[in-house]
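Heads up: the structure comes next, in structure tokens.
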Amino acid sequence: MINNIRLVCKDGILISIAVGKSAYCLPRESNADYTHVEIGLWSEPIPELTGYADGEIILDRLTVYGYVPIEILSKLLNTHNLIK
């Protein structure tokens, strides 16, 4: 099972964060203290995430970024002014 949350930032970035047994996260289990998460983005490439992309980054399509450290996620949310 994957736990997923979708967030909207003030600059329009849509972020999906997934954790769980089937997600690209660490640890790969449910209800854990995660050190790495799976992120889905519908936006232009974000330099901090480029190395974590699962496949080609294509504009206007969902790009999945696996095993993203929590610290990078936190910085990303602060940079893009999370609102929801």
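Select from the range 13-51 the residues that are more than 23 Å from Arg61 (Cα to Cα), touching a strand residue (DSSP E or B) at 6+ places or on another chain (Cβ under 6 Å) and aliphatic (A, V, I, L, M) and list them in ascending order.
Listed by number, the list holds a single entry, Leu26.
Tell me which residues, restricted to the range 20-44, are over 12 Å from the mean Cα position of the chain (by Cα) and either surrounded by fewer than 15 Cβ atoms within 10 Å (Cβ to Cβ) or β-branched (Val, Ile, Thr) (or both).
Across the range 20-44, the qualifying residues are Lys21, Ser22, Pro27, Glu29, Ser30, Asn31, Ala32, Asp33, Thr35, Glu44.
Going through the range 56-84 one residue at a time, which ones are aliphatic (A, V, I, L, M) and assigned to a helix (DSSP H, G or I)?
Passing the criteria: Ile70, Ile72, Leu73, Leu76, Leu77.
Name every residue in the range 65-82 that is at positive phi and of a type in the set (Phe, Trp, Tyr), in order of residue number.
Looking only at the range 65-82, we keep the residues that are at positive phi, and these are 67, 81.
Answer for the range 65-82, where residues must be at positive phi and of a type in the set (Phe, Trp, Tyr): just Tyr67.
Take the range 1-23 and flag every residue that is polar (S, T, N, Q) and modelled with pLDDT under 90.
Start the filter on the range 1-23 by keeping residues that are polar (S, T, N, Q), which leaves 3-4, 16, 22.
Asn3, Asn4 - these are the residues of the range 1-23 that are polar (S, T, N, Q) and modelled with pLDDT under 90.
When you scan the range 60-67, do you find a residue that is in contact (Cβ under 8 Å) with a residue 60 or more places away in the chain and either out of contact with any helix residue (DSSP H, G or I) (no Cβ under 7 Å at 6 or more places or on another chain) or surrounded by fewer than 18 Cβ atoms within 10 Å (Cβ to Cβ) (or both), even just one?
Among the residues of the range 60-67, not one is in contact (Cβ under 8 Å) with a residue 60 or more places away in the chain and either out of contact with any helix residue (DSSP H, G or I) (no Cβ under 7 Å at 6 or more places or on another chain) or surrounded by fewer than 18 Cβ atoms within 10 Å (Cβ to Cβ) (or both), which makes the answer no.
The values are calculated or read from the model by the stated rules, or taken from the named source; none is laboratory data. In this text, all values refer to a predicted model and were calculated from it rather than measured experimentally. So basically every Cβ, Gly included, is an ideal-geometry build from the backbone, and we count neighbours across all protein chains shown.
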